[in-house]
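Novice: Quick one: structure below, then a few questions.
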Amino acid sequence: MSNYISYFLVIFFLFFFPLHNLAQNNGRIATSSSIRATDESTPWLSPSNDFAFGFKKIEENKNEFLLCIWYAKIQETTIVWHANISNLVPQGSRLNLDSQRGLILSDPQGNTLWRSDLVFGNIDYGLMNDNGNFVVMGRNSNDPLWESFRNPTNTLLPNQTLERGNFLVSQKSQANFTQGRFYLRMLDNGNMVLVTQSVPSNMDYDDEYYNTQTSDSTNATNSGDKLVFEENGVMYVLKRNNQRQILTP
């Protein structure tokens, strides 16, 4: 009798709770998956649903969208990464995970507006991680072919590093995601600097208003290697000899 009851309960459970509701999102995105820039589009979510990758409408009265990663569980839209493009994209634009070329953003006419750089061939899947990092994984490597953490825009997240030669740049305004005039740069010489620049297309910087002084011209191993932002909130320059210069105090 108990076996019949158990069988009935299993059937009842599966009837009212379909299998697709039981399957947990693992953050994996198969190649050939795509998202369209519309009000109804569903973003690619991390396993915990903390982060979303997709299209966000910046101004409700305009049919223009930003390809970005944002915190998905908080009411106020908080964007932590966005595609480095000059203008918002029109409704109907598409993001596709191509099996050979990685992420490709195209307009409704099929013209390429942005793509993940230096990704060629044998792509296995994409993954939206719970730390906010979207990665493109290859079939023959354990290391990502491309990741948003290695291509930062205006935000550094916990567990993220800023490598030598990379930088963050402010956006012009809350609704304008084109490059502003404030830069945080991790220089090749090991210094991390905050600088201003009048025209984003220029290579020269107007003023340096902060410098970590972590460059050593006499011994390169004493120079800074990367800026590290730990999960506990501590931020430091990690030197090439593995010493740390703490910045947070």
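Bear in mind these aren't lab numbers, they're just calculated from the coordinates by the rules spelled out. The structure presented is a predicted model; accordingly, all values stated were derived computationally and were not measured. When we count neighbours, we look across all protein chains shown, and the Cβ atoms used for this are built from the backbone with ideal geometry, even at glycine.
Novice: What's the magnitude of the charge dipole for segment 152-249 around its Cα centre, counting Lys and Arg as +1 and Asp and Glu as -1 at the beta-carbon? Answer in Debye, nearest 20.
Specialist: 140 debye
Novice: A follow-up question, please. Treating only the Cβ of Lys, Arg, Asp and Glu as charged (+1, +1, -1, -1), what charge dipole size does the chain show about its Cα centre? Round to the nearest 20 debye.
Specialist: In debye, rounded to 20, the chain gives about 340.
Novice: Going highest first, how would you order 148-154, 217-223 by mean Cβ packing within 10 Å?
Specialist: Top to bottom by mean Cβ count within 10 Å: 148-154, 217-223.
Novice: For residue 38, project a label point 7 Å along Cα to C-beta. Then give me every residue of segment 49-69 with its amide nitrogen under 18 Å of that point.
Specialist: 54-58, 62-67
Novice: Further, regarding this structure: In the chain, if the dipole is taken from +1 on Lys/Arg beta carbons and -1 on Asp/Glu beta carbons about the Cα centre, which of 123, 211, 170 is farthest to the positive end?
Specialist: So the residue we want is 123.
Novice: Go ahead and estimate [θ] at 222 nm for the chain from helices alone: -39,500 (n - 2.57) per DSSP H run with n ≥ 4, summed, over the residue count, rounded to 500.
Specialist: -2000 deg cm²/dmol
Novice: Something else: On a 22 Å Cα-Cα criterion, which of the cross-link pairs 56/172; 56/226; 62/172 come out too long?
Specialist: 56/226
Novice: With Cβ to Cβ distances under 12 Å as the rule, what net charge do the other residues near residue 177 carry (K, R +1; D, E -1)?
Specialist: Overall, the nearby charge balance is 0.
Novice: Need one word for segment 44-189: rounded, prolate or oblate. Basis is the Cα gyration tensor (sqrt eigenvalues a ≥ b ≥ c); a/c below 1.5 gives rounded, then a/b vs b/c decides.
Specialist: rounded
Novice: While we're looking at this one, here's another question. Under 1.5 on a/c is rounded, so check that first for segment 152-249, then, if it is not, pick prolate when a/b is larger than b/c and oblate when it is not; a ≥ b ≥ c are the square roots of the alpha carbon gyration tensor eigenvalues.
Specialist: Here segment 152-249 falls in the oblate category.
Novice: How far is it, in nm, from the label point at residue 246 to the one at residue 77 when both lie 7 Å from their Cα along the line to the Cβ?
Specialist: 3.9 nm
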